[in-house]
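Q: Submitted below is the structure of interest, expressed as C-alpha cells.
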Amino acid sequence: MYTNRFQVNLSGMIDILSNHLYDEKDVYIRELLQNATDAIRARKKIEPMIEGNIHVSLSGEDDAKTLIVEDNGIGLTEAEVHAFLATIANSSKGEKNFVNQANDFIGRFGIGLLSCFIVSDEIVMISTSQKEGTTTEWRGKADGTYSVRKIETLEREPGTQVFLRLREGLDGHEECYDQSLLAEVLEKYGASLESAITMEVHGEERVINDWTRTFADKGALVGKSRDEILAFGERVLDTHFEDYFLIENESARTFGIAYIIPYTVQMNAVRRQTVFLNNMFVTSEARDVVPDWAFFTHCVIWTDELQPVASRESFYKNERLKEVSMELGEALKTGIEMLSDEALEKLLRTHYLGFKALASDDAKFLRLIYPYLPFRTLRGEEKLADIMEQSDTIYYTYSVDDFRQITDIARGMTLINGGYSYDTPILQELASLDLAVSFVLIDPEDMTEKLMPVSAQEEAMYGVTITEMNKRMAEFDVTVEMKHFEPTTLPVIFIHSAATQSSRELERAKEESNAVFSDILASIQQEQAPAPLAHLYLNLDNPLIKRLFTSNKTAETLTVIVNVLYIQALLLGHYPLKKAEMDLMNKNMIHILEML
C-alpha cells in the first residue's frame, strides 16, 4: 500500500479565494493589514514600548503599479518563512480557541497572504526578524513556485515589507489605481487598529486612522464626548445620528456603541451591524450579533470572543454567538432605560412599532415605556399617558373592524383601536398590571346596551313594518331592529360579530373564484356552523328615520330606502359588497329614481 500526498493547484486555490471564499474584492488589503498588525502585536510582547506603524504606498504608472505595505513588527526568520509561507493553512498565530481565552492575533487560518494573488502574479516579502536580526526575502509566484534567500544587510530595523506588482487590467479593483480609493479601503479595514496606518495621498503623508482607532479602547470610549461619538458614527457608518448609548456584554469582551437610526425602519428590513474582531473590521452586515428586535439601532461592536469563519467576513453561528446576542440585547434595554424622557419619547415616535413588538413580549420593558406608546383613539393618535388621564376605565377593541363599528356610538367613552400590530397583546398585559386605570376589552355587540329599546306604543306602531322588512332582508343574513340612541344625527348602525364577518369574506371569495375553488369554498362553508345574523339598528331619534316611518309609506317602499341605508352603512364601514348586495344597490337606486 502506497501513501501519497494531495497536490494543491495554487491557481485553482486563488480562484476559490477570489470568487468563492471572499465576498469583498478588496479583502487582500485586510489580509495585509492584519498580518502587519499581528507582527506588531507579537513584537510588543517583547518590547512593550514600541510604537506600531504600518506604512502603505502606491507607486508607478497605471500599467505598472506597485503596492507596498511596511510594518515594524517582529518579522520572520528564514525557518519561519519556510514554515508559514510555504504551507497553506499553517498559521503563525497558533491558538485558534476564541471562546475560552482572548487572543491578540487576528489571522488564524494561514491563507491570508495567498489572497494577494488576486491582484498580483508575484509577491515579494522582505522581513527582518527581531529575534535573530537576519533579513530574509521570500518571492512567491501565482504558478505555485517560490524562492527564499537571505539578504546580508547592515543593522536593519525589525519589520516586514510586502511588494505587490499589480496585474494589468484589474476589473473591480479601482483602489489599485486611485490613492484616494485605496485610503478609503485602508480606513474601512483599519479604522480601529491600534497601530497608525500611514499613507501618502496626493503627495501628502497622513495617518488614515488618526482618531478613529482610539474608539476601540473601551476605557477611552467611555471618556469620549457626545460630539466625538456621534462624529465617529457619521464617519464609520456614513449616517448622521442624533442619539446613542454604550453597550457591553457580561464578559466585557464584547462592547460597542448602539446608534439610534434617525428614521423609521421597516420591521422586516435586514438587520445589519458593524463588527470589529480584535480591532480588525469584519463586516458591516452582521445579522446575529444583536437581537432582531434591535432593528432601530446600528451598532458598532468590538469583540475578541466570537469565532470567525475562514473568510473572516462573518461568524460561526454557535452557542457563544447566541449568548453574546442575548447579553447585548439586555444591555440595549438598559441603555434605553437610561435615556432621558425627551430622548425616549423621540425614539418611540420614530420606532414605535419595534418598541411595541418588544414590549408585547417583555413585561418589564413594557412597564418602562408604556406611557410613551402611541395608540389610535376616537380623537386620533395619542400617547398612552395622555389617554390614561382621560378616564379611570379605558376600553379597547380587538380589531380595526370592531373599532369602526362602534366609533359613532362610543362618543364620550375612552376607546382605543386595538386592531393594529401588537396593540391588543400590550393592552391585555397592561390590564394585568397594577395601574391606576382599568383596561377593558369591548365587543361591538356589548355596545348594543347603549341602544335604548322602543316603547310599547312604538312597537305597536312599527312592529308589523319591521317584521315585513326582515322577511325581505333575510337573504342578506341581516336583521333590522328599531332603537333610540345617540347621536341623533346617525340614522343607522351596522353591528356584526367576527364570525359573521368571516362568513361574509368566505362568501365573497367564493363569488370571485373559479368553479373549482368556488366548490371547495362552498364545501368549507357547509362544514362551518351558521354565523349569527348581523344587526342593522334604525335610530328612531334620527329625523330621517322618524320621517320615513311616519310618512304612511308602504313596507315595500320603506324596505327600499332601508336597503339603501344598509348599503351605505356597509360602504362607510369599508366592507366590500357581495354580489347580491351590489345587485341590491343598483336595483334600489333605479327604484328610487322611478319614485321621483
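The values are calculated or read from the model by the stated rules, or taken from the named source; none is laboratory data. All values reported here derive from a predicted model rather than from experimental measurement. Methodologically, a virtual Cβ is constructed for each residue, glycine included, from the backbone with ideal geometry; neighbour enumeration extends over all protein chains shown. We work out accessible area using only protein heavy atoms, side chains counted, and drop any ligands, DNA or RNA first. Shrake-Rupley method; radii C 1.70, N 1.55, O 1.52, S 1.80 Å.
Q: Over every pair of different alpha-carbon atoms in the chain, take the mean of 1/r and invert it; report that Kirkwood radius in Å.
A: 30.4
Q: Could you work out the relative contact order of the chain? I mean the mean sequence separation of Cα pairs under 8 Å and 6+ apart, divided by the number of residues, in percent.
A: 8
Q: If you don't mind, another one. Give me the accessible area per residue for the range 408-479, probe 1.4 Å, as a whole number in Å².
A: On a per-residue basis, the range 408-479 sits at 53 Å².
Q: Just going by the charge dipole of the chain, with Lys and Arg at +1 and Asp and Glu at -1 on Cβ, which of ILE567, THR37, ALA79 is farthest out on the positive end?
A: So the residue we want is ILE567.
Q: Along the charge dipole of the range 187-244, pointing to its positive end and built from +1/-1 on Cβ of Lys, Arg, Asp and Glu, which listed residue (THR212, PHE241, VAL222) has its Cα farthest out?
A: VAL222
Q: To continue, here is another question. Would you mind getting me the FRET efficiency between TYR263 and SER502? Use the beta-carbon distance for r and R0 = 60 Å, nearest 0.05.
A: 0.95
Q: Could you work out the pair-distance distribution P(r) of the range 300-341 from its alpha-carbon pairs, with 10 angstrom bin width and percents rounded to whole numbers?
A: The distribution over the range 300-341 is 25, 44, 22, 9, 1, given as percents.
Q: Please report the accessible area of ARG139 (heavy atoms, 1.4 Å probe, ligands and nucleic acids excluded) in Å², nearest 10.
A: Number for this one is 80 Å².
Q: FRET efficiency for GLU204 and TYR177, Cβ-Cβ distance as r, R0 = 25 Å, nearest 0.05?
A: 0.85
Q: Restricting attention to the alpha-carbon atoms of the range 335-388, what are Rg (one decimal) and Dmax (integer), both in Å?
A: Computed over the Cα atoms of the range 335-388, radius of gyration and Dmax are 10.8, 34 Å.
Q: Give the accessible area for ILE590 in Å² (nearest 10); use a 1.4 Å probe, count only protein heavy atoms, and leave out ligands, DNA and RNA.
A: 100
Q: A further question follows. Please give the Cα centre distance for the range 394-441 versus the range 457-499, rounded to the nearest Å.
A: The two parts, judged by their Cα centres, are 27 Å apart.
Q: Sticking with this one: Taking N as the number of residues in the range 205-286, what value does Rg over Cα atoms divided by 2.2 N^0.38 Å take?
A: Working it through for the range 205-286, the quotient is 1.15.
Q: Let me ask something else. To the nearest µm²/s, what D does Stokes-Einstein give for the range 331-448 at 25 °C and 0.890 mPa s, using the Kirkwood radius over alpha carbon pairs as Rh?
A: Result for D is 168 µm²/s.
Q: In nm, what is the difference between 0.36 nm times the number of residues separating LYS150 and THR550 and their Cα-Cα distance?
A: Roughly 132.4 nm would be gained on extension.
Q: Another question, then. Output the peptides 376-388, 349-361 sorted from most to least packed, where packing is the average of other Cβ atoms within 10 Å over each peptide's residues.
A: So the peptides 376-388, 349-361, ranked by packing, come out 349-361, 376-388.
Q: Let me ask another. State the percentage of accessible surface on the chain attributable to carbon and sulfur atoms; use a 1.4 Å probe and exclude ligands, DNA and RNA.
A: Carbon and sulfur atoms account for 50 percent of the accessible area of the chain.
Q: Right, another one. Find which of MET326, LEU182, TYR395 sits farthest along the positive direction of the dipole of the chain, computed with +1 on the beta-carbon of Lys and Arg, -1 on that of Asp and Glu, about the Cα centre.
A: About the Cα centre, the residue reaching furthest to the positive side is TYR395.
Q: Explain nothing, just the number: dipole magnitude of the chain about its Cα centre with +1 on each Lys and Arg Cβ and -1 on each Asp and Glu Cβ, in debye rounded to the nearest 20.
A: Charge dipole of the chain: 760 debye, to the nearest 20.
Q: Let me ask another. Using a 1.4 Å probe on the protein heavy atoms only, what accessible surface does LEU58 show? Give it in Å² to the nearest 10.
A: 10
Q: At a 1.4 Å probe radius, which order do VAL207, VAL27 fall into by accessible area, largest first?
A: Highest to lowest solvent-accessible surface, that is VAL207, VAL27.
Q: Take the Cα pairs of the range 278-388, get the Kirkwood Rh, then feed it into Stokes-Einstein at 25 °C and 0.890 mPa s and tell me D in µm²/s.
A: Rounded, D is 154 µm²/s.
Q: Moving on to the next point. For ASP341 and GLU459 in one chain, what is 0.36 nm times their gap in residues minus the Cα-Cα distance, to one decimal in nm?
A: 36.7 nm
Q: If R0 is 22 Å, what FRET efficiency do you get for VAL270 and THR214 from their C-beta distance, rounded to 0.05?
A: My answer for the efficiency is 0.15.
Q: Keeping all protein chains in place and using 1.4 angstrom, which order do MET582, MET125 fall into by accessible surface area, from largest down?
A: Result of the area sort, largest leading: MET582, MET125.
Q: Per residue of the chain, what 222 nm ellipticity follows from adding -39500 (n - 2.57) for every DSSP H run with n ≥ 4, rounded to the nearest 500?
A: Rounded to the nearest 500, the figure is -11500 deg cm²/dmol.
Q: Distance between the C-alpha centers of the range 558-580 and the range 125-177? Whole Å please.
A: The range 558-580 and the range 125-177 have Cα centres separated by 84 Å.
Q: Related question: State the three equivalent ellipsoid semi-axes of the range 379-512, derived from the C-alpha gyration tensor as the square roots of 5 times its eigenvalues, in descending order and whole Å.
A: Three semi-axes, in Å: 33, 21, 11.
Q: Another one. For GLU228 and HIS82 in one chain, what is 0.36 nm times their gap in residues minus the Cα-Cα distance, to one decimal in nm?
A: Additional length available on full extension: 48.0 nm.
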